[in-house]
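Notes to accompany the following structure.
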Amino acid sequence: MYKYILKRLLWMIPIILAVTIVIFTIMYFVPGDIAKIILGTNASDEAYAALRERLGLNDPYFIRLLNYLKDVFLHFNFGESVVDGTSVTSALISRFPATLILAFTSILMSIAFGIPLGIVAAQHNGKWQDTTSMFIALLGISMPGFWLGLMLVLLFSLHLHWLPSTGIGTWQHWILPVITNGFGGIAATARMARSSVLEVIEADYVTTARAKGVSERNILTRHILPNSMIPVVTSLGGSFGMQMAGTIVIENLFSIPGIGQYTVNAIGSRDYYAVQGSVIMLAIVFSVVMLLVDIIYAYIDPRIKAQFEGQSKKRRVKSGVK
Amino acid sequence: MMKKVFALILAAALCLSFGACNSQTDSTGNGGTPDAGRASEVVVGIAADPGTLDPFVASNTGNIATYQTVYEHLLYINGMGGEPQPSIAKSYELESESNGQWVWAFEINEGVKDADGNTYTANDVKWYVDTIKPLGVDANMEYIDEIEVVDDTHFKMHLNASQIGLVELLASSIKGVVRETYEKYGNEFAKNPVTTAHYQVSKYTTGSEIVAEKRDDYWGENVNKALQAKANVDKITFKIITDATQMDIALQNNEVDMIPSVASADLFDFLNEDDLSVKDGFFADDYLRGATLIMFFNNSENNAFANEDLRKACAYAVDTGAIVQNVLGGQGTALCTVGSECFGDFQMDWYDDEYYGRNGVNLDKAKELLTSSGFDTSQEIRIITETDNTIVRVAQIVDSYLRELGLNPKIESYEAALYEEMCADPDAWDIFIGYRGAGDYLANMWRWTFDQEIRDGFTANFVHDEELQGYLKACLDPNSHTPEDMTKFKNLLNDKCYAYGIFAQKMYVLGSKKVTEFVFAENWSIVPGACSYNF
């Protein structure tokens with residue numbers, strides 16, 4: 001198992017390298033003159049040219065790529081923002097917690113509310129509990145996040161004055177963004193859990209367990225859940241990675257200084273190093289999350305754990321080690 | 001079953017307790033009422049994070065809003081086209097002018113100190129200019145050849161140009177930063193700058209807020225007479241709110257005390273329906289935005305719009321007054337040339353002159369000119385714009401007017417970075433619609449748009465006209481910057497119709513009932529510390 005984890009960690013290096021080269025190349029070819037963005041329309045052609053020269057934008061592609069790869073992989077430096085000169089690494093580190101909070105709480109909500117909702121729906125398939133749960137799920141998936149967020153702000157901030165409308169500062173500031181961000185996740189997880197549990201609930205071993213007189217609770221926790229959670233875990237893992245990259249709308253709406261907002265602003269202002277740094281960081285996060293998902297598989301499903309351990313045993317047998 | 005019911009009750013109680021918790025919504029109201037020993041505070045909503053508070057970066061939306069508080073300048077300019085206000089600099093005058101060199105002599109106030117107690121001298125001015133020039137982040141610095149230090153409180157600014165308002169523009173961008181202090185703090189300076197200003201940054205949370213507090217040891221108390229140097233509040237918090245709707249809600253909710261610029265379209269939450277007066281509990285001031293919306297015709301050699309009759313035909317077909325009503329709800333002015341009355345050197349009698357479709361479409365005249373141009377009306381006309389809601393709406397109305405004329409327009413919208421690239425390509429467009437504006441003088445706005453020396457003999461829309469260039473030079477020279485010269489340029493520009501002015505938008509600054517007067521520096525950037533309050 002540990003070897004598997006180590007192998008996956010080592011595989012991350014070429015993956016991150018490939019991502020770095022791809023994103024660098026894309027940004028290199030994206031049209032748009034950053035000198036004009038920085039200086040505006042009230043500058044001479046000489047001023048634009050001088051700024052481009054100072055920013056190193058006139059260097060050939062391979063020179064720029066090699067310099068960037070050297071900085072990232074040897075010095076762990078994502079460079080400086082071409083717009084305001086701040087360290088991209090520092091900016092990402094300072095913004096990472098805000099996005100992590102949003103993504104993590106969204107996943108927690110999905111687990112805490114989405115999975116039980118899906119289980120209830122599956123257990124009462126075709127009845128009012130199923131219909132109600134799926135209606136809630138449909139609402140969650142259908143409502144755009146920015147609309148839901150604004151409605152919550154209008155109600156709880158503007159009319160009731162219960163909660164602040166924007167920003168971060170106290171834990172009350174996080175309530176509306178977390179609910180806005182998490183509601184869609186609850187809906188998606190509920191639907192995924194329902195369909196996954198429905199597949200398992202009719203299985204022979206569940207029927208056998210019932211026939212043996214096992215309590216419904218034990219059937220659920222020992223037989224149904226472990227076998228139905230694999231797709232849900234996969235979905236949550238992918239969702240977490242997407243959340244880290246995609247809470248842009250929520251961050252902009254609630255003025256949360258997260259990575260999504262930083263990346264979008266950087267793209268608009270052709271801040272090459274900021275965009276590249278953001279994408280690389282997200283690639284690293286995604287890779288780590290997928291690794292964690294695979295580890296969780298092993299703990300949920302003993303067959304997968306045995307598969308990992310079986311591969312190790314096979315290698316030891318082949319090499320003559322007992 | 002009982003366990004489930006109990007769990008539900010607990011969950012409901014948790015939700016209710018979240019809602020009943022006292023939040024930050026009251027903080028500005030309570031904090032802003034000074035009792036004995038309690039500091040006064042104002043919260044300003046700003047739309048973007050400056051990213052850094054370093055003095056050697058280019059202007060952006062975030063730092064324009066905050067730098068007037070965080071930094072002092074050699075002098076200030078009141079609003080747009082207003083009088084220069086000496087600040088760190090006590091006085092300045094033109095000392096000599098010869099062989100393409102203008103020398104301005106400045107005197108700095110004695111005893112200018114930053115919050116660390118270090119004295120600001122002429123050497124710091126020289127250091128500032130020498131540092132920022134090679135960075136290329138302030139295009140105007142290229143006009144300074146040298147800062148010559150005479151002594152601690154005197155220096156000479158050697159300029160290689162003399163456009164009207166140039167020295168004031170430069171002096172209002174030179175910040176009060178002492179070299180010794182800047183070098184002492186290094187990278188930390190960008191987060192908590194230590195400056196000569198009346199306010200010092202005490203906290204900067206990236207992407208969230210910037211807090212500045214009044215200094216008790218400010219050097220300029222009773223010395224610095226600039227309006228913008230006053231400090232009428234103890235603490236200013238700049239709260240970053242990126243969404244425009246949320247900004248309005250924050251003001252209504254008392255989470256912020258002022259919003260520096262609100263487009264007219266978002267105003268109606270704060271105005272009474274019947275008479276459009278400001279609702280009780282709010283305070284408003286308005287100004288005409290310096291950046292005006294212009295329709296530029298592509299005058300490059302191979303483009304159809306190199307034909308004067310075609311340009312005029314389009315101008316007669318577009319009713320800019322109707323655009324102001326439809327797009328801005330009447331909160332703006334239809335232009336009578338390229339540029340608006342917000343500039344000090346604009347002449348109000350220009351409004352008396354006929355200006356194409358300003359007062360209504362003249363379709364007969366437009367069709368007559370279209371016919372005489374010989375333009376093939378089946379040919380597509382590419383109109384490019386930025387992806388700005390207002391500009392796109394204007395483009396759609398222009399599109400419909402041109403179709404009524406019998407033309408075949410097509411709108412292409414691009415995001416800002418790509419838009420600038422497209423505008424610079426003579427083969428990429430026929431008409432572009434965009435904002436243009438600069439500084440405090442109309443002549444300077446014309447310069448950045450129509451000065452052919454800046455772009456290898458052509459204007460921003462590829463005009464090459466030596467007569468126009470000659471008139472422009474006369475407008476820019478402080479010695480010949482007369483109403484007559486301005487009118488000559490305006491008349492030629494209008495006659496040739498190289499570009500067609502659409503509108504200048506009215507912008508509003510909104511405040512809570514706490515605010516009684518707004519104070520502005522150049523380009524209508526608000527100075528919260530100097531505003532008047534009723535706590």
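Okay, residues lined up against (1) open to solvent by 50 Å² or more (accessible area, probe 1.4 Å); (2) farther than 12 Å from B:Ser173 by Cβ; (3) outside any strand (DSSP E or B):
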residue: B:Gly79; (1), (2), (3): no, yes, yes
residue: B:Gly82; (1), (2), (3): no, yes, yes
residue: B:Glu93; (1), (2), (3): yes, yes, no
residue: B:Val103; (1), (2), (3): no, yes, no
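Name the residues in region B:299-323 that are among the aliphatic types (A, V, I, L, M) and either under 13 Å from B:Tyr401 (Cα atoms) or within 30 Å of the chain's Cα centre (by Cα) (or both), would you?
Residues satisfying the conditions are B:Ala313, B:Ala315, B:Ala317, B:Val318, B:Ala322, B:Ile323.
Mind listing just one residue for me: the one in region B:49-67 that is open to solvent by 10 Å² or more (accessible area, probe 1.4 Å) and in contact with a strand residue (DSSP E or B) (Cβ under 7 Å, 6 or more places away or on another chain) and, of those, modelled with the highest pLDDT?
Selected residue: B:Asp49.
For region B:487-524, which residues satisfy the criterion of being assigned to a helix (DSSP H, G or I), surrounded by 17 or more Cβ atoms within 10 Å (Cβ to Cβ) and either at pLDDT below 95 or of a type in the set (S, T, N, Q) (or both)?
B:Thr487, B:Asn494, B:Glu522, B:Asn523, B:Trp524 - these are the residues of region B:487-524 that are assigned to a helix (DSSP H, G or I), surrounded by 17 or more Cβ atoms within 10 Å (Cβ to Cβ) and either at pLDDT below 95 or of a type in the set (S, T, N, Q) (or both).
Report, by residue number, each residue of region A:39-58 that is part of a loop (DSSP other than H, G, I, E, B) and open to solvent by 60 Å² or more (accessible area, probe 1.4 Å).
A:Asn58
With A:Ile256, A:Ile267 as the choices, which residue is open to solvent by less than 30 Å² (accessible area, probe 1.4 Å) and either at the interface with chain B (Cβ under 10 Å from one of its Cβ atoms) or not in a helix (DSSP H, G or I) (or both)?
Residue meeting the stated conditions: A:Ile256.
Of the residues B:Tyr287, B:Tyr218, which single one is away from chain A (no Cβ under 14 Å), among the hydroxyl-bearing types (Ser, Thr, Tyr) and more than 23 Å from the chain's Cα centre (by Cα)?
B:Tyr218
Is there a residue being aromatic (Phe, Trp, Tyr) and in contact (Cβ under 8 Å) with a residue 60 or more places away in the chain anywhere in region B:299-321?
Scanning region B:299-321 turns up at least one residue that is aromatic (Phe, Trp, Tyr) and in contact (Cβ under 8 Å) with a residue 60 or more places away in the chain.
Taking A:Leu155, is it among the aliphatic types (A, V, I, L, M) and within 11 Å of chain B (Cβ to nearest Cβ)?
Yes; evaluated as a whole, the condition is true for this residue.
How many residues does region B:438-485 contain that are open to solvent by less than 40 Å² (accessible area, probe 1.4 Å), on the phi > 0 side of the Ramachandran plot and not aromatic (Phe, Trp, Tyr)?
Result for region B:438-485: 2.
Out of B:Val233, B:Val149, I need the residue that is open to solvent by 40 Å² or more (accessible area, probe 1.4 Å), more than 30 Å from A:Ile248 (Cα to Cα) and of a type in the set (A, V, I, L, M, F, W, C). Which one?
It is B:Val149.
Among the helices (runs of 4 or more DSSP H) lying completely within region B:266-379, list those that include at least 3 residues that are surrounded by fewer than 18 Cβ atoms within 10 Å (Cβ to Cβ).
Helices (runs of 4 or more DSSP H) meeting the threshold: B:320-328, B:363-373.
Of everything in region B:191-215, what is basic (Lys, Arg), in a loop (DSSP other than H, G, I, E, B) and over 25 Å from the mean Cα position of the chain (by Cα)? Give them in sequence order.
Passing the criteria: only B:Arg215.
Of the residues A:Gly79, A:Gly167, A:Gly182, only one is on the phi > 0 side of the Ramachandran plot, more than 13 Å from chain B (Cβ to nearest Cβ) and touching a residue at least 12 places away in the same chain (Cβ under 8 Å); which?
Among A:Gly79, A:Gly167, A:Gly182, only A:Gly79 is on the phi > 0 side of the Ramachandran plot, more than 13 Å from chain B (Cβ to nearest Cβ) and touching a residue at least 12 places away in the same chain (Cβ under 8 Å).
Of the residues that make up region B:241-254, is at least one in a loop (DSSP other than H, G, I, E, B) and more than 10 Å from chain A (Cβ to nearest Cβ)?
no
Just to verify a result, which residue in region B:14-47, among those that are at the interface with another protein chain (Cβ under 8 Å from one of its Cβ atoms) and open to solvent by less than 60 Å² (accessible area, probe 1.4 Å), is modelled with the highest pLDDT?
B:Gly19
Just checking: which of the helices (runs of 4 or more DSSP H) contained wholly in region A:122-216 hold 1 or more residues that are under 23 Å from the mean Cα position of the chain (by Cα) and under 19 Å from A:Asn252 (Cβ atoms)?
Filter on region A:122-216 gives A:145-152, A:172-201.
The values are calculated or read from the model by the stated rules, or taken from the named source; none is laboratory data. All values reported here derive from a predicted model rather than from experimental measurement. When we count neighbours, we look across all protein chains shown, and the Cβ atoms used for this are built from the backbone with ideal geometry, even at glycine. These area figures cover heavy atoms from the full protein model, side chains too; ligands, DNA and RNA do not enter into them. Shrake-Rupley method; radii C 1.70, N 1.55, O 1.52, S 1.80 Å.
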